[in-house]
Structures are given as structure tokens and as C-alpha cells.
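The values are calculated or read from the model by the stated rules, or taken from the named source; none is laboratory data. For clarity, every value in this text was computed on a predicted model and none was experimentally measured. Here Cβ is always computed from backbone atoms with ideal geometry, including for glycine, and neighbour counts include all displayed protein chains. Keep in mind that these areas ignore ligands, DNA and RNA; they rest on the heavy atoms of the full protein, side chains included. Shrake-Rupley method; radii C 1.70, N 1.55, O 1.52, S 1.80 Å.
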Amino acid sequence: MSFADQLVCKECGALYPVAALHVCERCFGPLEVHYDRDAQRGEVTRESIARGPADMFRYSALLPVDDRAPVSLRAGMTPLVRADRLASELGLGELYIKDDTRNPTGSFKDRVVSVALTKARELGFKVAACASTGNLANSVAAHAAAAGMQAVVFVPHDLESVKLLTTAVFGASLVALDGNYDDANRLCAELANEREDWAFVNVNLRPYYSEGSKTLAFEVAEQLGWELPDHVVVPIASGSQMTKIHKGFGELVELGLVAGRETGAVRVSGAQPDGCSPVATAFRAGADVVQPVKPSTIAKSLAIGNPADGWYALEVARSTGGVIESVSDDEIVDGIHLLARTEGIFAETAGGVTIATLRKLARAGVVRSDERVVAYVTGNGLKTVEALAGHLRLPPTVAPSLEAVYEALAREGVE
Ligand SMILES: *Cc1c(COP(=O)(O)O)cnc(C)c1O
Ligand SMILES: [Zn+2]
């Protein structure tokens with residue numbers, strides 16, 4: 001059995017049963033999973049985790065899932081790469097990349113979806129639905145296929161074509177809307193009221209879904225030998241991932257799984273594209289309200305103009321001594337290129353946002369060379385190759401003779 005015993009309102013503390021609920025009836029605050037921490041303390045040890053599978057379900061005692069055979073495509077336990085070549089370009093010291101390009105459908109969304117669909121199946125749902133900027137659609141479609149569930153996916157019509165094809169291939173029902181993600185999300189909220197028999201992973205299943213992101217913190221700590229980093233840089237769309245990484249580090253401290261650090265001691269900084277930066281804008285203005293924007297950016301996976309957890313992301317940055325910054329589309333492409341040529345990791349635009357923001361924060365002295373830093377790279381570059389069109393030079397064709405080849409190499413500067 002899971003240690004999740006209740007849902008609790010993040011605003012007023014009202015308690016609810018573990019069911020397909022997501023808003024507080026009293027104050028409309030978001031609901032979050034609550035665990036029996038004392039029971040967890042007795043059971044969860046570094047050794048019990050190490051005995052688990054080599055994927056994110058090694059932390060199932062810290063997740064809201066009962067099922068011993070979860071809906072899983074084996075997401076998680078992605079590499080934590082020591083990035084010395086990137087660090088030296090940025091003037092940093094101990095730098096790591098959490099390489100979540102390596103998940104089954106190529107993004108960190110596989111973590112949240114496997115928790116959401118495991119819970120959905122436990123609760124008896126047969127249909128998994130979502131609004132998506134692309135990666136969530138891919139992941140819901142794949143996990144639903146593996147679980148024998150039907151997937152219904154709502155996306156903005158102008159998505160990268162790869163993300164449409166890699167959703168359709170799993171047999172999902174795709175609805176492309178003449179609108180942006182925020183329109184799709186609003187529509188799903190309306191639909192969720194009518195279709196109580198559908199599991200909307202980021203609406204009525206959101207309390208469970210979002211818990212999957214904690215594994216991004218658990219893995220980093222375990223991969224660092226059960227130590228915490230000093231500073232992490234996380235991309236923000238809805239802000240859920242950033243708040244849950246912070247929560248994940250906090251749980252490890254509460255459970256005594258990491259030594260000698262206070263909760264909140266990990267500085268958590270956020271990264272957004274300039275073309276959709278409502279949280280970064282609020283941070284820079286010192287504001288308490290996140291004003292919605294209309295997105296226009298190549299980082300489509302981060303294009304949420306009205307982020308559900310924007311306010312909580314602000315609070316995480318402020319309370320941990322982190323910052324939230326944004327970068328331009330050109331800087332995003334530079335970020336993709338910089339990571340690829342220094343570390344051999346090809347990230348999608350969201351990864352470009354993280355790396356470009358990391359560079360900006362390193363130059364400003366906010367991310368420091370005496371810190372142990374982790375940058376979360378959350379999606380695979382093969383999904384957003386469009387973003388590189390026109391930015392990389394492709395080679396001219398030459399005759400297949402030694403002479404022509406030496407000439408071509410000389411033009412490339414190869415001795
Ligand atoms: C969805 C997504 C994010 C951001 O997730 P939130 O939890 O909504 O902030 C980051 N990176 C990639 C690649 C994504 O698909
Ligand atoms: Zn409430």
C-alpha cells in the first residue's frame with residue numbers, strides 16, 4: 001500500500017480522500033498529496049530504495065501509487081552527467097546535466113504520466129485525456145497504449161509535426177485546436193466537469209501527476225551519493241516541475257535520507273523563454289501576481305501563458321535564494337548548440353532555455369563557481385529539429401575523389 005493517506009489543500013489545509021479531485025471546495029486552492037511521514041520514516045531507507053527497479057519506481061514508497069505493477073515504460077534513472085567541458089566554457093566548477101532527453105518518449109513528461117496513469121487505472125478509469133504542448137501528448141499516448149487505455153489528446157494546431165506524428169502512432173485520438181495551449185487547457189477544464197469518466201492527467205489527476213516530478217530530485221540526490229546539490233536550474237511551463245523538485249529535496253531531508261542540510265538549502269532557479277515569461281517577469285518586478293501572457297516562442301513545450309503553479313514557482317525561487325530569468329529565441333538556439341558541442345547531448349528547445357539561462361546566470365554571478373550545480377535538460381532535440389533550421393550550415397556536395405575531398409576539408413579548416 002502507498003503511504004499517501006489524503007489530499008490536502010495547499011491554501012487552507014482542508015483534507016480530502018485520495019480520489020480524482022484537484023480543487024478545494026472551500027477556497028478553490030489546488031490539492032496536493034499528503035503522506036503518512038512517520039510510517040514512511042520507518043520503512044524507507046537508502047537500502048530499500050536501492051533494492052527497487054532501475055527506474056523511477058524505485059521511489060514508489062514516496063509516490064501516490066499502490067499498484068505493484070505500475071503503468072510504466074521505465075522512465076527515470078536517467079544519467080546525471082558531469083559536464084566539465086560546459087562548466088569550463090561557463091566559468092563554473094562542479095556542474096552536472098540531468099539528462100532527461102533519455103526517457104522513453106524523449107521528455108521528463110514520462111515521469112508524471114506514469115504516476116498519473118497508474119493512479120487513473122487504480123481508480124478505475126479507462127480513458128486518459130490531456131491538454132498538451134506536445135510532450136505530454138506523446139507520453140500520454142504511449143503510456144495509455146501500454147496500459148490498454150484509450151488516449152484522447154488536445155493540442156494547439158501549430159505544434160511541431162514530429163510531436164503530432166509521435167502521438168498518433170500510438171493510436172491516440174488527437175484533437176488539434178485552433179488556439180493555443182491555454183485555450184486547450186481551458187477546454188479540458190470544462191470537459192473534465194462533464195466527463196467524470198475520463199482521467200485528465202493535468203486536471204482531475206493533477207495532484208498525482210505532479211508528484212512524478214519529485215523523482216527528478218530523488219535521482220539527483222541518489223546519483224550524488226545521497227548528497228544534495230547547492231543550486232539547480234529548472235525550466236518553467238506551468239511551474240509544477242520546479243515546485244516538485246523543491247518538494248522532493250525537502251522530503252529527502254525530512255526522511256533523513258540525505259545528510260546535514262536544511263530544507264530549502266538547495267537554491268532553485270527557474271528558466272523561461274522571453275516569448276512566454278510570465279513568471280520571470282513577476283520575479284524581476286518583485287510582484288506577487290503572475291500576469292498571463294500570450295506566448296510567442298520557439299520553446300513550444302514551455303509555452304503556457306497562464307501557468308497554474310506560477311505563483312508557487314515564484315515562492316520557491318524567493319524562499320531558496322534562487323532567481324527566475326528568461327532568454328531570447330536566439331539564445332535558446334545558442335544554448336542547444338552549446339550543450340551539443342560541449343557535452344554531446346542534443347536537447348529540445350526547453351533544454352536550450354535551461355542552458356542559455358544557466359549561461360546568463362553564470363555571467364551575472366548568480367550561479368557561482370563554488371556551487372555544485374545541476375541543470376535539468378528535460379526534452380530530446382530530435383523533437384524540435386525545426387528550431388535549428390537556418391542556424392546550422394549544411395555541407396555542399398563534392399565529387400567523390402581524393403582531390404575534391406581534400407579541397408572540401410581545407411574549406412572546412414580541417415588539416
Ligand atoms: C512540460 C515541460 C516542461 C515544464 O513543465 P512544467 O511542470 O509544466 O513547468 C519542461 N520541459 C519540457 C521538455 C516539457 O515538456
Ligand atoms: Zn482550501
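Bridges between two residues of the chain, per DSSP, are antiparallel at a rate of about 30%.
If you wrap the Cα atoms of the range 288-408 in a convex hull and average its projected area over all directions, you get 10.5 nm². The length gained by stretching the chain between Gln291 and Leu15 to full extension, at 0.36 nm per residue less their Cα-Cα distance, is 96.4 nm. What a 1.4 Å probe finds exposed on the range 274-415 is 55% carbon and sulfur by accessible area, rounded to a whole percent. Relative to the current alpha-carbon distance between Val127 and Cys27, full extension at 0.36 nm per residue lengthens the span by 33.1 nm. Between Val398 and Leu224, the distance separating the two model label sites (each 7 Å from Cα on the Cα→Cβ line) works out to 4.7 nm. Spin-label model, Asp66 to Ser328: label points 7 Å out along the Cα-to-beta-carbon direction sit 5.5 nm apart. When the solvent-accessible area of the range 46-89 is split by element, carbon and sulfur atoms take up 46 percent of it, the probe being 1.4 Å. Quick one: net charge of Leu159's neighbours, Cβ under 11 Å, K/R +1, D/E -1? Net charge in that neighbourhood comes out at 0. Going by accessible surface with a 1.4 Å probe and the largest first, Arg26, Arg411, Arg41 read Arg26, Arg411, Arg41. At 222 nm, what value in deg cm²/dmol follows for the chain if DSSP H runs of at least 4 each add -39500 (n - 2.57) and the sum is divided by all its residues, to the nearest 500? Result for the chain, helices only: -11500 deg cm²/dmol. Between Thr320, Thr133, Thr118, the GNM of the chain built on Cα springs shorter than 10 angstrom shows Thr320 fluctuating the most. Which percentage, to the nearest 5, of the DSSP beta bridges contained in the range 3-103 is antiparallel? So the antiparallel bridges amount to about 100 percent of the total. For Lys163, the lysines whose Cα falls under 20 Å of its own Cα, not counting residues fewer than eight places away in the same chain, are Lys109, Lys300, Lys383. Shape descriptor for the range 1-65: Rg over Rh equals 1.08 (Cα atoms; Rh from the Kirkwood inverse mean 1/r). Annotation: aspartates and glutamates with alpha-carbon distance below 13 angstrom to Lys294 (same-chain offsets under eight excluded): Asp182, Asp183, Asp274. Stokes-Einstein, applied to the Kirkwood radius of the range 94-252 over Cα pairs at a viscosity of 1.567 mPa s and 4 °C, places its translational diffusion at 80 µm² s⁻¹. Principal semi-axes of the equivalent ellipsoid, √(5λ) from the alpha carbon gyration tensor of the chain, are 34, 26, 21 Å from largest down. Ordering Ser296, Leu62, Pro396 by Cα displacement along the dipole of the chain toward the positive end leaves Leu62 in first place; charges were set at the Cβ atoms of Lys, Arg (+1) and Asp, Glu (-1). Here the calculated FRET efficiency for Ala54 and Leu382, from their Cβ-Cβ distance with R0 = 25 Å, stands at 0.60, rounded to the nearest 0.05.
A 1.4 Å probe run over the range 89-202, with the rest of the protein chains in place, finds 35 Å² accessible per residue. When you filter the GluC sites (Glu not before Pro) in the range 106-207 for DSSP loop state and at most 16 other Cβ atoms inside 10 Å of their Cβ, you are left with Glu196.
Counting only alpha carbon atoms, the long axis of helix 240-254 and the longest principal axis of the chain meet at about 60°. Residues of the chain were split at every exposed loop site, defined as chymotrypsin sites (Phe, Trp or Tyr not before Pro) in a DSSP loop with at most 16 other C-beta atoms within 10 angstrom, and the longest piece left, sites excluded, is 29-225.
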